[in-house]
1. Just checking, how many residues over the stretch 155-204 are more than 13 Å from the ligand (Cβ to nearest atom) and either of a type in the set (G, A, S) or assigned to a loop (DSSP other than H, G, I, E, B) (or both)?
2. Out of the residues in the stretch 123-148 meeting the condition of being more than 21 Å from F22 (Cβ to Cβ) and within 14 Å of the ligand (Cβ to nearest atom), tell me which one is farthest from the chain's Cα centre (by Cα).
3. Give me a count of the residues in the stretch 79-97 that are more than 11 Å from V154 (Cβ to Cβ) and surrounded by 14 or more Cβ atoms within 10 Å (Cβ to Cβ).
4. Exactly one of (1) crowded, with 18+ Cβ neighbours inside 10 Å; (2) free of Cβ contacts under 8 Å to residues at least 24 places away in the same chain; (3) of a type outside the set (A, V, I, L, M, F, W, C) is unmet by P127. Its number?
5. Checking the structure you have, find out if any residue of the stretch 164-172 is among the polar types (S, T, N, Q), over 16 Å from the mean Cα position of the chain (by Cα) and surrounded by fewer than 16 Cβ atoms within 10 Å (Cβ to Cβ).
6. Return the residue satisfying two criteria in turn: it lies in the stretch 228-245 and is loosely packed, with under 15 Cβ neighbours inside 10 Å and more than 15 Å from the ligand (Cβ to nearest atom), and of such residues it is farthest from N89 (Cα to Cα).
7. For residues that are of a type in the set (D, E, K, R) and out of contact with any Cys (no Cβ under 9 Å at 6 or more places or on another chain), tally how many sit in the stretch 135-167.
8. Here is a list: A220, A225. Which entry is touching a strand residue (DSSP E or B) at 6+ places or on another chain (Cβ under 7 Å) and either closer than 16 Å to L183 by Cβ or surrounded by fewer than 15 Cβ atoms within 10 Å (Cβ to Cβ) (or both)?
Amino acid sequence: MNFLDHCDVLITGASSGLGMEFARQLAPRASTMVLVARRGERLEALQRELERPGLTIHCHQIDLSDRAEVGMLVRTLASEGITINFLVNNAGLGDRGRFENSDWERVRQMLDVNIGALTQLTLALLPTLKAQARSAILNVSSVASFLPMPKLAVYAATKAYVSSFSEAIRAELRGTGVRVTTLCPGPVSTEFGQVATRPTSPDAVSPPDGLRVPVQKVVADALGAVERDCARIIPGWRVVLTVAAMSAVPMFLLRCGLNQRAR
Ligand SMILES: NC(=O)c1ccc[n+]([C@@H]2O[C@H](COP(=O)([O-])OP(=O)(O)OC[C@H]3O[C@@H](n4cnc5c(N)ncnc54)[C@H](OP(=O)(O)O)[C@@H]3O)[C@@H](O)[C@H]2O)c1
């Protein structure tokens with residue numbers, strides 16, 4: 001039996017993009033799915049689409065930037081006896097533009113969702129994950145985690161946290177039965193770009209279209225990586241080559257590129 005067959009999975013950010021695709025690809029295999037996002041009506045529509053005998057779907061309309069709501073979600077799972085063995089920390093948002101022109105409320109949400117909720121959920125669910133023979137955490141980071149990114153400064157820094165944190169806890173959890181995989185996608189066509197674009201943002205930088213990878217492939221590669229217990233997965237060979245090329249460039253040269261991007 002494959003690792004993810006009959007899994008009990010919690011997916012954050014299941015109302016759109018990668019999260020919705022994780023739900024679609026896992027639905028034929030999972031026993032329980034807990035879908036989390038703010039747009040409850042989308043979660044319920046997804047639940048109706050994916051329902052089948054043998055699968056129980058729970059929808060939780062939660063604002064993950066609110067610690068109290070995340071705490072409430074964890075308590076609800078415990079009180080309803082829902083035991084998760086696969087945590088997909090996928091929810092996240094970006095903000096394109098110069099840092100000095102940022103809106104604090106947007107920055108706070110990015111920090112609280114991309115870093116805060118991911119860390120809080122991981123910590124709260126670890127005892128449950130460890131109590132089972134086999135379990136997994138999939139943290140959705142980004143190729144933006146590998147480099148500082150002018151005009152995406154806070155977002156890239158939050159993803160650097162996700163990649164670093166995930167690798168560290170993977171090492172800590174070795175031998176416990178809890179596997180940890182980091183997904184580092186390049187550009188994917190979802191609502192991400194639209195959400196990350198400021199209403200008045202003449203200085204935003206969009207990613208190159210040639211690096212885009214279909215959402216279905218990103219999710220299939222990520223689930224395959226969890227099954228193989230890979231530490232990190234970067235979907236798409238062009239993205240892999242770009243990351244490899246960047247990592248070979250000395251920092252003083254990269255800074256020239258960063259300075260160009262910041263103009
Ligand atoms: N698309 C890309 O190019 C790309 C590249 C690299 C990494 N990623 C990462 O992939 C992950 C998924 O992004 P996506 O591309 O699928 O974007 P998306 O289509 O915008 O989906 C983002 C999801 O996060 C949820 N979310 C955002 N803020 C939330 C909040 N405060 N509370 C609860 N849920 C919240 C959204 O749900 P609600 O709005 O309904 O709450 C939505 O379901 C993110 O972590 C992103 O950083 C994306």
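1. 15
2. If we take residues in the stretch 123-148 being more than 21 Å from F22 (Cβ to Cβ) and within 14 Å of the ligand (Cβ to nearest atom), then L147 is farthest from the chain's Cα centre (by Cα).
3. Total satisfying the criteria: 11.
4. (1)
5. Of the stretch 164-172, the ones among the polar types (S, T, N, Q) are 164, 166.
Filter once more, keeping what is over 16 Å from the mean Cα position of the chain (by Cα): none.
No, the conditions are met nowhere in the stretch 164-172.
6. Restricting to residues being loosely packed, with under 15 Cβ neighbours inside 10 Å and more than 15 Å from the ligand (Cβ to nearest atom), the top hit is A245.
7. Total satisfying the criteria: 2.
8. Details: A220 fails: touching a strand residue (DSSP E or B) at 6+ places or on another chain (Cβ under 7 Å).
Result of the check over A220, A225: A225.
The values are calculated or read from the model by the stated rules, or taken from the named source; none is laboratory data. Keep in mind that what you see is a predicted model, and the values were worked out from it rather than measured. Every residue, glycine among them, receives a Cβ derived from its backbone with ideal geometry; neighbour counts consider all protein chains shown.
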